[in-house]
Amino acid sequence: FKKVNSIKPDDGNVLFCLGNIYYELNDLDKSIKYYEKALQCYPDSESIINNYAIALQSYGNFKEAIKLFSNLIYKRPNNIKAFFRLFRIDQNNFFKNVSKTMVVHFRFQADNMSIFIIIYKTYFSIMR
């Protein structure tokens with residue numbers, strides 16, 4: 001991928017793959033750098049936003065990761081992976097963060113409450 005990147009340095013797919021590779025190698029600095037570049041090419045890509053947010057979360061940049069996961073939920077309110085990641089970042093403030101996202105964007109739907117309930121019940125059954 002590095003060779004392809006040298007030939008096509010602005011190819012968002014190659015940049016995304018390099019971000020994934022460096023994430024798997026636990027080189028978060030490089031991973032984040034490539035995800036940022038890939039996101040410039042494809043700013044609406046849920047896969048890039050998700051992986052970028054996960055890398056930021058792993059790096060300890062929870063504030064930015066929360067923003068990105070909230071943005072994913074705003075774009076697609078049934079994105080269970082984004083809900084779960086947001087929950088894992090800050091379990092104590094999960095409902096506040098998610099409800100703020102939903103209220104601000106007026107996209108809350110009744111079926112999303114079932115997602116909250118499932119995550120909530122799962123968390124508390126594990127913690128017992």
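A compact table of results
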quantity	calculated
Local net charge near Gln57, Cβ-Cβ under 14 Å (Lys/Arg +1, Asp/Glu -1)	+3
Hz values of 3J(HN,Hα) by residue in the stretch 48-57 - Karplus curve (6.51, -1.76, 1.60), Gly and Pro given as x	5, 4, 4, 5, 4, 5, 5, 4, 5, 4
Backbone N under 18 Å from the Leu25 label point (7 Å along Cα→Cβ), restricted to the stretch 33-53	33-38, 52
Anisotropy class of the stretch 1-65 from Cα gyration tensor, a/c 1.5 cut	oblate
Reach of Lys37 by Cα under 12 Å, taken over aspartates and glutamates that are not fewer than 8 positions away in the same chain	Asp10, Asp11
Order by protection proxy (mean Cβ within 10 Å, highest first), peptides 46-59, 21-34	46-59, 21-34
Segment Lys33-Phe62, extension gain: residue separation times 0.36 nm, minus the distance between their alpha carbons	8.8 nm
3J(HN,Hα) from dihedral phi, the stretch 59-64, Karplus parametrisation 6.51/-1.76/1.60, rounded to Hz, x for glycine, proline	6, x, 8, 5, 4, 5
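A short reminder: the numbers here are calculations on the coordinates, not readings from a lab. No experiment lies behind these values; they were computed from the predicted model shown. So basically every Cβ, Gly included, is an ideal-geometry build from the backbone, and we count neighbours across all protein chains shown.
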